[in-house]
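What follows is a short report on a single structure.
The values are calculated or read from the model by the stated rules, or taken from the named source; none is laboratory data. What you see is a predicted model, and the numbers here were worked out from it, not measured in a lab. FYI the Cβ positions are ideal-geometry reconstructions off the backbone, even for glycines, and counts take in every protein chain you see. Side chains are part of the model used for accessible areas, which takes the heavy atoms of the whole protein and leaves out ligands, DNA and RNA. Shrake-Rupley method; radii C 1.70, N 1.55, O 1.52, S 1.80 Å.
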Protein chains: 2
Amino acid sequence: MAKDEFYPKWFEGELPGRSFRSILKWGDPGEYKHPNHKLYRLMKKTFHLDDSWFEKPRGMGMTEVPEDRPSRLEQKHLEALRDIVGPDDAFTDVYHRLRIAYGKTMVDLMRLREGIIENLPDLVLQPHDRGELRRIVDYCDANSIPLYVYGGGSSVTRGVEAMKGGVSLDMRVHLKRVLSFDEKNQTITVEAGMSGPELERVLRDAPTALGASRAYTCGHLPQSFEYSVVGGWVVTRGAGQNSTYYGKIEDMVTAQDYVCPRFDLRTRDVPAAADGPDIDQIMMGSEGTLGVLYSATLKVRRYMPRNTRRFSFVFRTWDEAKEAAREIMQGEFGYPSVFRLSDPEETDVALKLYGVDGTPLDALMAARGYKPGERCLLLGTADGEAGFTRHLKRMVKRICHRHGALYATGWVQKSWEHSRFSDPYMREDLQDYGIMIDTLECSVTWSNLETVHTGVREFCHSRPDTICMTHMSHFYPQGCNLYFIFIAKMEKIDEYLAYQGGILDSIQKHGATMSHHHGIGKMTAPWLEGDVGSEAMALFRALKAHFDPNNIMNPGGTLALDLPDSERRGI
Amino acid sequence: MAKDEFYPKWFEGELPGRSFRSILKWGDPGEYKHPNHKLYRLMKKTFHLDDSWFEKPRGMGMTEVPEDRPSRLEQKHLEALRDIVGPDDAFTDVYHRLRIAYGKTMVDLMRLREGIIENLPDLVLQPHDRGELRRIVDYCDANSIPLYVYGGGSSVTRGVEAMKGGVSLDMRVHLKRVLSFDEKNQTITVEAGMSGPELERVLRDAPTALGASRAYTCGHLPQSFEYSVVGGWVVTRGAGQNSTYYGKIEDMVTAQDYVCPRFDLRTRDVPAAADGPDIDQIMMGSEGTLGVLYSATLKVRRYMPRNTRRFSFVFRTWDEAKEAAREIMQGEFGYPSVFRLSDPEETDVALKLYGVDGTPLDALMAARGYKPGERCLLLGTADGEAGFTRHLKRMVKRICHRHGALYATGWVQKSWEHSRFSDPYMREDLQDYGIMIDTLECSVTWSNLETVHTGVREFCHSRPDTICMTHMSHFYPQGCNLYFIFIAKMEKIDEYLAYQGGILDSIQKHGATMSHHHGIGKMTAPWLEGDVGSEAMALFRALKAHFDPNNIMNPGGTLALDLPDSERRGI
């Protein structure tokens, strides 16, 4: 940076007690990650702003949450439910209720910045064990009280929002124990509120924490890892950034235990079966509409970080890069773990963020014809046994070279890893100056990948001065996840919702599936019927009627189960 | 064999036209595989028989099927249904109806040998396309006519049996086309009646047959391969002998198209999704009770037989062998393709069958302490890219040697491959002399494997003079399939059913899942509720009510959906 270059004073102060800011801030209250100078310059240039715009932050949500919305739950219900968990674990104040009312999608943050309080639960309960869960569900069912479940709170689909008031369960506080560990089977059973980091800590310390003979990992590391919980992963069909090797959460779960309104549903822990429809696969994806997930049994894998091989490549064109990625996934030599291919627009930004811009590598690329606006960055890792990862990296290299790629060392991948969980911290900084950054993702086959990529980007760019970075991640032999990151100067909620709705329309119109791993929640629900079809929707509703005839579980639009026809889109 | 040793004249004659024999015979009418001399001697010794017993075959079912059971379908229904497919594809004669009334489990063969005709469909239809299927299902639903589906006919669970009469669809005749092939996605869509060999022929000839750039395989090769069809694999959740690498059928299916009584249900072809419960996983395992599967889209893989590596090992003990197998599956270097570990009893028989008995290898084993009655045979292959299979075999060798195993070359595996699809041919020979050979299988975790193995074998051997060979196959990091082959001198149906019921009781009592890949059908249905639990059964019934309120689809006990409580066992 030039010596006298202006650089914003990104906020790092104390979060005022009980403020909106303390709710909307991502992650650790004392942790920050600010946009670097290159990103700052890019923002200024793209949005035609000058330094003066960044002198004064706005809409920071520093005010205290007003305590002016009393719980509407009848006193007798309040008392009965509080008696189940005890007075220290039941809350009716607005701040506690608002803290678990929203997730982390842009409209959640925008509402908090504007002080918009809506769809609050009337009561927050922190249950201690399965028995309490059972009693809460029974009570709510008997009295037709809506019941919501809050896991890690990282939902980006309005999945946890208490549209009908009622009770919301905060699962993180007490329901976070390891229930059992079977080293022979390589499975662990944990309560639904167990956080990602705690699960990985226990597994990686397994010799100490579990008396195991070696270290393990679950391999499930979503970007929200630090602030997500096992239960959320399971009920939304989440995927970690290493899913190309470890699989999505639905590939890892071997058994589940649900507290449903009329019964308990426990599935058996078996490696495979041919005894009727797979109930685990009905419950995963149910997003709190069929019952409360109490615990899940997960496969664990040997943790061998010393065997991990890193790689990154730059391709001359998007087409060559896509072909190489497909060939790698169809080559029958195992799959990479992290695997991520950025399109030209994202590559240009990424090379800035990862600090490649202006280095000897950058000069080398320019000289060899890897041009900005055309070149594409592929990065990844191989996990597993030492010889397996060595061979896999060798094959990846061979295929990439055949498609004209330049090996960009493992350093770019390391750089990505360094910020893999911390990028969300930048959202507050940008939003403090009116810049919105959000993401949408969808599932595509190789055959319709380009239609979706081109079509959705065309829509995104139909709005002037908008950045739309796209990457492929979570690969399969049949296709991948396509992930859109859009950045725009945009502060109005209505404008945002219209733009987001347009992108979702475009994803659907071009033939992608509406979600690969974020779930549907209430946000994408209007597009669900267009996605799965009317007969599938009717089937979902039949399941709902069986499990939850009173519609107490996550009512108000989740999975479009009780969505009025008038709100359906894209059919 | 000694020069003057007696050897039975196994039957090889013409199958009398329209005879029971022509129905019960496995596979190609002109193909035979007879027990070798060592197996013959083993039978004599085990069952205390002498050569004279084998002089005269019995109960061969050579008589003609009597045409004395007229269709009970009303004439108007008969005509209306015949009009849909045309007169050449509708049959009411007993022979045609009996041909697709039973599957291939022992009680089916016993009934055919005794001339017992029961549970006949009244009408056999051979539909030509989806439109006809739709019209048949509509007609049957409107008129409450039971509807059964017959695929390849290799069911060993009484899955196809028309307990309530009505219509049975013979899917093999016309519904066997390739509907589409997407080389980029590596998927193929075929009609449900496509046979295993035809599917593999098309895929392996893909450059010619499909205009592809290379050869492919589905990798799904069950023992019944030659006489099973895609639809049967899918609705019963089948597994091929190479499933440890290629996965079970439910891992291969990416989309399905069902004709259900009240609607069509088509799932989308996407690599993965997070948009509600997984409907593909509801329909797989539905065993014809929710609708008729018209077509399925399957993943295909590169066919590279030249890279296949074969191996076999002999271990000193069952415990050492199991530990080695588990370590291989948990080692994170990929999975073998065929992978099969025989227990001591099966190993002794296998070494006879594969011709190892009496060879230098046999002498070497004896000298090194690999004793009959204790030693265990592990065999398998590695499939995939060349370097991947080379490394995998190297790792398998290293782990087996560490557990004291002797490398027995790839020759034993080759010998197994030679007879992988032909062993069922021996059933007729043995049964002609009153010897029953049948199998049951179940899914176990590593932790409960030995309880099931010991407990079930104990029951099997509680009957004197019974052979019970057991192997593990279809491996996972969390466990495997446990497969029991029992051989006994047993001719009475009641005795057989009591014995089989006892084994199923024992499987359930010791904590295994009732089926890993054969499905449930009507045979194992009494144990289903004990397997999946009452709440799962209630859920299955709710699904049934949604899909098929008239209970026309495969009624009469399949999946225990309409099984009276009095017939439940093991709960």
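For region B:279-333, give me each residue that is in contact with a helix residue (DSSP H, G or I) (Cβ under 7 Å, 6 or more places away or on another chain), more than 22 Å from B:G240 (Cβ to Cβ), more than 10 Å from chain A (Cβ to nearest Cβ) and among the β-branched types (V, I, T).
B:V292, B:V314
To keep it simple, each residue is scored yes or no on (1) under 30 Å from A:I487 (Cα atoms); (2) part of a helix (DSSP H, G or I).
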| site | (1), (2) |
| --- | --- |
| A:E67 | no, no |
| A:K76 | no, yes |
| A:I116 | yes, no |
| A:Y139 | no, yes |
| A:S144 | no, no |
| A:Y148 | no, no |
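Pick from A:R113, A:R58, A:R41: which is open to solvent by 80 Å² or more (accessible area, probe 1.4 Å) and more than 25 Å from A:M469 (Cα to Cα)?
A:R58
Quick one: would you say B:Y496 is among the aromatic types (F, W, Y), over 20 Å from B:K45 (Cα atoms) and in contact with a His (Cβ under 6 Å, 6 or more places away or on another chain)?
no
Exactly one of (1) surrounded by 22 or more Cβ atoms within 10 Å (Cβ to Cβ); (2) part of a helix (DSSP H, G or I) is unmet by A:E161. Its number?
It fails just one condition, (2).
Could you figure out which of (1) under 19 Å from B:M304 (Cα atoms); (2) surrounded by 20 or more Cβ atoms within 10 Å (Cβ to Cβ) isn't true of B:V412?
(1)
Scan region A:1-25 for residues that are touching a residue at least 60 places away in the same chain (Cβ under 8 Å) and out of contact with any Leu (no Cβ under 9 Å at 6 or more places or on another chain) and jot them down.
Matches in region A:1-25: A:P8, A:W10, A:F11, A:R18.
Pull up region A:434-450, narrow it to residues that are of a type in the set (A, V, I, L, M) and in a strand (DSSP E or B), then point me to the one that is most open to solvent (accessible area, probe 1.4 Å).
So the residue we want is A:I437.
Yes or no, residue by residue, for (1) open to solvent by less than 20 Å² (accessible area, probe 1.4 Å); (2) within 14 Å of another protein chain (Cβ to nearest Cβ); (3) at pLDDT below 95; (4) more than 22 Å from A:N481 (Cα to Cα):
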{"site": "A:R420", "(1), (2), (3), (4)": "no, no, yes, no"}
{"site": "A:Y425", "(1), (2), (3), (4)": "yes, no, yes, yes"}
{"site": "A:E428", "(1), (2), (3), (4)": "yes, no, yes, yes"}
{"site": "A:D432", "(1), (2), (3), (4)": "yes, no, no, yes"}
{"site": "A:V452", "(1), (2), (3), (4)": "yes, yes, no, no"}
{"site": "A:G455", "(1), (2), (3), (4)": "yes, no, no, no"}
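Can we say B:E567 is charged (D, E, K, R), more than 30 Å from B:Y139 (Cα to Cα) and in contact with a strand residue (DSSP E or B) (Cβ under 7 Å, 6 or more places away or on another chain)?
No, not satisfied.
Tally time: how many residues in region B:169-198 are within 14 Å of another protein chain (Cβ to nearest Cβ) and assigned to a loop (DSSP other than H, G, I, E, B)?
Counting residues in region B:169-198 that are within 14 Å of another protein chain (Cβ to nearest Cβ) and assigned to a loop (DSSP other than H, G, I, E, B) gives 4.
Got at least one residue in region A:476-497 being within 11 Å of chain B (Cβ to nearest Cβ), touching a residue at least 40 places away in the same chain (Cβ under 8 Å), open to solvent by 10 Å² or more (accessible area, probe 1.4 Å) and touching a helix residue (DSSP H, G or I) at 6+ places or on another chain (Cβ under 8 Å)?
yes
Which numbered condition in (1) crowded, with 23+ Cβ neighbours inside 10 Å; (2) more than 9 Å from every other protein chain (Cβ to nearest Cβ); (3) touching a Pro at 6+ places or on another chain (Cβ under 8 Å); (4) small (G, A, S) is the only one that B:A239 fails?
Tallying (1) crowded, with 23+ Cβ neighbours inside 10 Å; (2) more than 9 Å from every other protein chain (Cβ to nearest Cβ); (3) touching a Pro at 6+ places or on another chain (Cβ under 8 Å); (4) small (G, A, S), B:A239 fails exactly one: (2).
Name the residue, out of B:E345, B:E287, that is surrounded by fewer than 23 Cβ atoms within 10 Å (Cβ to Cβ) and of a type outside the set (S, T, Y).
B:E345
Only residues that are within 25 Å of the chain's Cα centre (by Cα), more than 30 Å from A:R398 (Cβ to Cβ) and polar (S, T, N, Q): list them for region B:383-423, please.
B:S415, B:S419, B:S422
Pick out the one residue from A:G159, A:G131, A:G103 that is touching a residue at least 12 places away in the same chain (Cβ under 8 Å) and either under 23 Å from A:P261 (Cα atoms) or in contact with a Pro (Cβ under 6 Å, 6 or more places away or on another chain) (or both).
Sole residue among the options that is touching a residue at least 12 places away in the same chain (Cβ under 8 Å) and either under 23 Å from A:P261 (Cα atoms) or in contact with a Pro (Cβ under 6 Å, 6 or more places away or on another chain) (or both): A:G159.
Filtering region B:348-390 down to residues that are in a helix (DSSP H, G or I) and open to solvent by less than 20 Å² (accessible area, probe 1.4 Å), which residue is nearest to A:E332 (Cα to Cα)?
Ranking the qualifying residues of region B:348-390, first place goes to B:F388.
Out of A:A273, A:A255, I need the residue that is facing chain B (nearest Cβ under 7 Å) and over 28 Å from A:Y102 (Cβ atoms). Which one?
From the options A:A273, A:A255, the qualifying one is A:A273.
Filter region B:507-524 down to residues that are open to solvent by 10 Å² or more (accessible area, probe 1.4 Å) and assigned to a helix (DSSP H, G or I) and give me whichever is nearest to the other protein chains (Cβ to nearest Cβ).
Once the filter is applied, the top-ranked residue is B:Q508.
Listed here are the residues, each with its yes/no results for (1) facing chain B (nearest Cβ under 7 Å); (2) under 18 Å from the mean Cα position of the chain (by Cα); (3) under 18 Å from B:D280 (Cβ atoms); (4) among the aromatic types (F, W, Y).
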site: A:P526; (1), (2), (3), (4): no, no, no, no
site: A:D531; (1), (2), (3), (4): yes, no, yes, no
site: A:L539; (1), (2), (3), (4): yes, no, yes, no
site: A:L543; (1), (2), (3), (4): yes, no, yes, no
site: A:D548; (1), (2), (3), (4): no, no, no, no
site: A:L559; (1), (2), (3), (4): yes, yes, yes, no
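Please enumerate the residues belonging to region B:222-248 that are among the hydrophobic types (A, V, I, L, M, F, W, C) and over 10 Å from the mean Cα position of the chain (by Cα).
Of everything in region B:222-248, those that are among the hydrophobic types (A, V, I, L, M, F, W, C) and over 10 Å from the mean Cα position of the chain (by Cα) turn out to be B:V229, B:V230, B:V234, B:V235.
I'm trying to understand the selection: among the residues of region B:204-218, which are open to solvent by less than 50 Å² (accessible area, probe 1.4 Å) and within 14 Å of chain A (Cβ to nearest Cβ)?
Those that are open to solvent by less than 50 Å² (accessible area, probe 1.4 Å) and within 14 Å of chain A (Cβ to nearest Cβ): B:A206, B:A212, B:A215, B:Y216, B:T217, B:C218.
So how many residues does region A:123-156 have that are of a type in the set (S, T, Y) and surrounded by 24 or more Cβ atoms within 10 Å (Cβ to Cβ)?
Adding up the residues that qualify gives 4.
Does A:F459 count as open to solvent by 30 Å² or more (accessible area, probe 1.4 Å), touching an Asp or Glu at 6+ places or on another chain (Cβ under 9 Å) and either away from chain B (no Cβ under 14 Å) or part of a loop (DSSP other than H, G, I, E, B) (or both)?
yes
Is there any pair linking a residue in region A:392-403 that is facing chain B (nearest Cβ under 10 Å) to one that is small (G, A, S), with Cβ under 8 Å and at least six apart or on different chains, and which?
Partner pairs satisfying both residue conditions: A:L392/A:G334; A:L392/A:A382; A:L392/A:G384; A:R394/B:G387; A:M395/A:G331; A:M395/B:G387.
Within region B:295-306, which residues are surrounded by fewer than 24 Cβ atoms within 10 Å (Cβ to Cβ) and touching a Phe, Trp or Tyr at 6+ places or on another chain (Cβ under 8 Å)?
Residues satisfying the conditions are B:R301, B:R302, B:Y303.
Regarding region A:185-200, can at least one residue be identified that is under 23 Å from A:R266 (Cα atoms) and more than 25 Å from the chain's Cα centre (by Cα)?
Yes; the residues of region A:185-200 include at least one that is under 23 Å from A:R266 (Cα atoms) and more than 25 Å from the chain's Cα centre (by Cα).
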